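Take a look at the structure set out below.
The values are calculated or read from the model by the stated rules, or taken from the named source; none is laboratory data. Predicted model, so just to flag it, every value in this text is computed and none were measured. All Cβ positions, glycine included, derive from the backbone under ideal geometry; neighbour counts span all protein chains shown.
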Amino acid sequence: MVGGANPWSGEVALVIGGERHVLKLTLGALAELEEALETGSLVELVERFEGGAFSNRDVLALIVAGLRGGGWQGRAGDLVSAEIEGGPVGAARAAAELLARAFMLPEGAG
């Protein structure tokens, strides 16, 4: 992962194919994510990540939704052969961080 993203606005940076991307789960990206999951809810997705029971499909769906929320116009298939910095572990870390930041309450809230 690369610095430069604004964690307070839910952003996560990730290098894909040598290019830095800013990922963000906007409301539209979250709706797209729910649709991509086909089964379960976002709450169940969070629970899978918290319990370490997430799948590669979960990671890919989160990365694609985050990229789309950051303005990317590609498709999941575009990432099949893409080199992601940190490999599968780096992608999983970015996905988990993206999910956590999307639902993080501001300090003093709640």
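What the table shows:
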{"quantity": "Inter-residue pairs, beta-carbon under 8 Å, first over 21 Å from Ser9 (Cα atoms) and in the stretch 23-38, second part of a helix (DSSP H, G or I) and among the aliphatic types (A, V, I, L, M), 6+ apart", "calculated": "Ala36/Ala61; Ala36/Val64; Ala36/Ala65; Ala36/Ala76; Leu37/Leu45; Leu37/Ala61"}
{"quantity": "Qualifying residues in the stretch 46-59 (those that are surrounded by 14 or more Cβ atoms within 10 Å (Cβ to Cβ) and under 13 Å from the mean Cα position of the chain (by Cα)) - the one farthest from Leu25 (Cα to Cα)", "calculated": "Phe54"}
{"quantity": "Flag for Leu62 being crowded, with 20+ Cβ neighbours inside 10 Å, of a type in the set (A, V, I, L, M, F, W, C), in a helix (DSSP H, G or I) and modelled with pLDDT under 90", "calculated": "no"}
{"quantity": "Test: Ala13 is buried (at least 17 other Cβ atoms within 10 Å of the Cβ) and either assigned to a helix (DSSP H, G or I) or β-branched (Val, Ile, Thr) (or both)", "calculated": "no"}
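Results for (1) among the acidic types (Asp, Glu); (2) in contact with a helix residue (DSSP H, G or I) (Cβ under 9 Å, 6 or more places away or on another chain), shown as yes or no for each residue.
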residue	(1), (2)
Glu38	yes, no
Val64	no, yes
Gly77	no, no
Gly86	no, yes
